[in-house]
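To keep things clear, I will list the structure first and then write my remarks on it.
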Amino acid sequence: MSQIGSFALLLALGLSAYSFLAGLLALFSKDAASARLGETARRAGIATFAAVLLAAIVLVVSAFSDDFSIAYIFHHSNRDLPPAYKFAVLWSGQEGSLLFWSLLLAGYGFVLRLRYKTDQQLFAHASVVIAAVQVFFLLILNFAAHPFGVIQGPLPQDGTGLNPLLQYPEMVIHPPMLYLGYVGFTVPFAFALGALIMKYPGEKWIHITRRWTMVTWCFLTVGVFLGAHWAYAVLGWGGYWGWDPVENASLMPWLTGTAFLHSVMMQEKRGMLKVWNMALIFATFLLSMVGTFLTRSGVISSVHAFAQSSIGSWFLVFIALTLAVCTYFLVLNRSHLKSEHKLEALVSRESSFLFNNLLLLTLCFTILWGTFFPILSEFVQGHKVTVGPPFFNRVAVPVALLLLLLTAIGPLLAWRKTSLESLKRNFLYPAIGALSIGGMMILFGVRPWEDPSYFYATMAAVLSALVMFTVISEFLRGGRVIAGKTQQNLFSAMLQLCHRNTRRYGGYIVHFGVALVVIGILGTPFNKEVEKEMGFGDKISIGPYTLVCQSYTQDDNPNYGNEWAIINVFRGGKQITTMYPERRFYKASQQPQTLPRIYPSFREDLFLVTDVYLVYEGKNETTGRPIIKAHLNPLVPWIWIGLIIMVFGTIVALVPNAVAVQVAATTPVRAPAHVGAGD
Amino acid sequence: MKSSNHALEFVLKGRGFNRAVSATKSRTALAFEGRGAKTQAKKPARQALHALILTTTVFLFMGAGDDSARFKDLGHRMMCACGCSQILLECNHVGCTYSDKMRDQLQAALDKGNNDDLILQGFVQDYGPTVIAAPTATGFNRVAWIMPFAALAFGVTFVVYVVRSWKNRPTPALADGIPIPRGNEDELDEFRRRAREATMGGERKLLELLASQRQIVEASGF
């Protein structure tokens, strides 16, 4: 099996190298044969996908057939590993995940090359760029991180098993989502670089890549949030975001990608920010590479860095080379990227996008700076320092709050110019609503002046409410106009409004989801935790809950042995649920693992939902009694609901616009300027 | 009195105002020593205001400096030294040989009545500088804190510059030098949009047109 896999990888490398070189020659050659050469390059690119797919299939089949002669399978699987995790072996280790990266890239390239007729020249350029990235990954796979290396010596009877932290259902979904996001940004990057190299006229490359970019952004969003949820549900420390370097690495391309999604609208609508958009998409791609580099190189210690090796230098060279190429063409062809319009007013959608980009980029820079500062410190001071959550919370949170404010105001601004009068008119009621939320928080005992974290929480609540109220008011205002003209009910009118300009209103829904996510996060300062040794019948009181230990029980299966605590949860004297925090001991890897249990109190609290989060930490070595740690994490479930709404909003934005609304009235409809006036 | 001072110190340090703490202390010390009495006598109202602010602050934050809150605060300002890259009080990884020991050490230091700086210094001596979860505001580490805000300030300046230069950019003029009347901007925008569309699909249409013309020419026998 390993020989088939190795052959497939070598073949893929040869095909992608041919696709790159022949494609490049065809682009710069003027003779008649160049078209035929370009076509062979395209076909070689398609065949690359088949070869990489074969290699991936071989690795998965090897995992299912317990072929421990392959070192990768030996180190990441075992006979009793459940089938889903055997499938996930493909991306559970360094070599496999690089193969998976390569497979996804080949898949994207496959789709792109099949659709080449949309614009042959532009697609040919993009295809060459993708082939170049593909060659890089296949070089690593063939010469630095070979997934089909064989074990020397006697054949092992069983593998050492998969890392227990990775044996969780979300681990089957989270890495593919994240990788689909990381890899997906290669496509708009390839089109942007291609368009820049060929001095492509107009903004068509943006129209072509808009869906790619949005889908990719959506995958990355889901990937980042699933990672946070995995940390919450598996690591057992009661939190979901630890500002770990690898978490940061996934957030950075998300931030620049988000900035790109916003600023690209200025190029589409007004022919502005052309250089900036190029730089943003280049940065997004490079940051995706930095993310993979951080996860895989071990240059920075991280709870998520599951592999450490020497491939870091490969990535550094590739990142430097890509940066050089991008900068060269950006400087060379900058005259092609001149703005077509000027800014007419400071209070306008354009300037809000500028400041939105500024804040997103500042946030990204802060995270990049904090992530790499330990290396800089070692270089300058001779010793590393830790840049952990206290730093990021103090520096990033104020910027994020400003961004939230802009998220609320931005959609109320019209393109070109907004009068302060109309801004005041649209902003008044949402602002009153938001301030009243802040007032209510103070009324219910939150003292923002007592602690910076309470201050931030109050500000975040007010600004999230502002975002939500502005979104709702936009839907209502537009819906009322359509309802008035078409005699529909308000809800149908709002649906129609949304369908008329899916991109704009889909974006609003995404903003609404972001506000919900922030509401979920702002509960953090109000978290509570209690740790206690619990024998039968022992109680823990935390917040309005009383936890009573009913019993402990054990189980065993071929993969692991486990122990559960059985904890009854009471509130107001009434039992509301029973929870089973768990500890496992994985046999193959000989590693223990805790698995928390989470109960979100939707039935009891609804809006102020709180997670009851229990961890069975182990036994006190002296007394032999089990230790249970209980957390109360208010509002956290809103984060995951916010994610669902963000995904929904993105899907809405991807739906094509409906034709203009049919009006029964004899006079033509003249909607106010702010209704469907643009994205 | 001890708890009041302690509460004030906690509050101010929580906001990262170490310097403010020392400044307040030195001013208070001066006042007690009688130095600068002349200046202070001239401003009884300001003195009263200071006292009021101080009293209010201490009152508001009374209790914030109790040991459990300090334990939580300090425990979240340090990392577990086992290499798990987690905050000390959040490290729960099974079989950790450091976190329990470090928590006990922290509690013992608090019981001794050590102040926060002394406790943190003790941990740095025992576990190295990486035990502190964020760069200190001293020496080169200050750069860590300054850079993000400097970047934001630079960014704001840059955006303001860009916005101003765009606003001041002259209105595009016609080939003969006659400026475009402002009232026609909308119309021109529409033309530009159409022109862009024409550019995008134009090449293909042009080729199709040329091909059809060639066919006509060939068919006509020329």
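Computed quantities for the displayed model
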quantity	calculated
Enumeration of residues in region A:564-581 that are of a type outside the set (A, V, I, L, M), assigned to a strand (DSSP E or B) and modelled with pLDDT of 90 or more	A:Asn568, A:Phe570, A:Arg571, A:Lys574, A:Gln575, A:Thr577, A:Thr578
Residue match in region A:613-621 (condition: loosely packed, with under 14 Cβ neighbours inside 10 Å, free of Cβ contacts under 8 Å to residues at least 12 places away in the same chain and closer than 22 Å to A:Val446 by Cβ)	no
Matching entry among A:Arg394, A:Arg334, A:Arg349 (being among the basic types (Lys, Arg), outside the structural domain of A:Ala461 (by TED's automatic domain parsing) and touching a Phe, Trp or Tyr at 6+ places or on another chain (Cβ under 7 Å))	A:Arg349
Odd one out for A:Phe191, checked against (1) aromatic (Phe, Trp, Tyr); (2) crowded, with 24+ Cβ neighbours inside 10 Å; (3) more than 28 Å from A:Val387 (Cα to Cα); (4) under 18 Å from the mean Cα position of the chain (by Cα)	(4)
Restricting region A:527-554 to residues that are over 19 Å from A:His631 (Cα atoms) and either among the β-branched types (Val, Ile, Thr) or in contact (Cβ under 8 Å) with a residue 60 or more places away in the chain (or both), the residue that is surrounded by the most Cβ atoms within 10 Å (Cβ to Cβ)	A:Tyr552
Lone qualifier among A:Met468, A:Met494 - being under 26 Å from A:Leu403 (Cα atoms) and of a type outside the set (Val, Ile, Thr)	A:Met468
Flag for A:Leu226 being part of a helix (DSSP H, G or I), under 28 Å from A:Leu632 (Cβ atoms) and either more than 14 Å from chain B (Cβ to nearest Cβ) or of a type in the set (D, E, K, R) (or both)	yes
Set A:Ile598, A:Ile645: member being of a type in the set (A, V, I, L, M) and modelled with pLDDT of 95 or more	A:Ile645
Within region B:107-146, tally of residues that are aliphatic (A, V, I, L, M), away from every other protein chain (no Cβ under 11 Å) and touching a strand residue (DSSP E or B) at 6+ places or on another chain (Cβ under 8 Å)	1
The lone exception for A:Lys574 - which of (1) buried (at least 18 other Cβ atoms within 10 Å of the Cβ); (2) farther than 30 Å from A:His499 by Cβ it fails	(1)
Single condition A:Val510 does not satisfy, out of (1) surrounded by fewer than 22 Cβ atoms within 10 Å (Cβ to Cβ); (2) assigned to a helix (DSSP H, G or I)	(1)
B:Asn115 touching a residue at least 60 places away in the same chain (Cβ under 8 Å) and among the polar types (S, T, N, Q)	yes
B:Ala151 modelled with pLDDT of 60 or more, surrounded by 10 or more Cβ atoms within 10 Å (Cβ to Cβ) and under 23 Å from A:Cys364 (Cα atoms)	yes
Close pairs from region A:201-212: first not assigned by TED's automatic domain parsing to the domain that holds A:Thr650 and surrounded by 19 or more Cβ atoms within 10 Å (Cβ to Cβ), partner modelled with pLDDT under 85 and among the hydrophobic types (A, V, I, L, M, F, W, C), Cβ under 7 Å, at least 6 apart	A:Lys204/B:Met200
Residues satisfying the stated conditions in region A:77-131, i.e. within 22 Å of A:Ala17 (Cβ to Cβ), without any contact (Cβ under 8 Å) to a residue 12 or more places away in the chain and basic (Lys, Arg)	none
Some residue of region A:206-226 being among the small types (Gly, Ala, Ser) and in contact with a Phe, Trp or Tyr (Cβ under 6 Å, 6 or more places away or on another chain)	no
Answer from A:Tyr586, A:Tyr599, A:Tyr613 - the residue that is within 13 Å of chain B (Cβ to nearest Cβ), among the hydroxyl-bearing types (Ser, Thr, Tyr) and under 16 Å from A:Pro544 (Cα atoms)	A:Tyr613
All positions within region A:107-121 that are buried (at least 20 other Cβ atoms within 10 Å of the Cβ) and aliphatic (A, V, I, L, M)	A:Leu112
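The values are calculated or read from the model by the stated rules, or taken from the named source; none is laboratory data. These figures come from a predicted structure and were not determined experimentally. With ideal geometry, Cβ positions are generated from the backbone for all residues, glycine too; neighbour counts draw on all protein chains shown.
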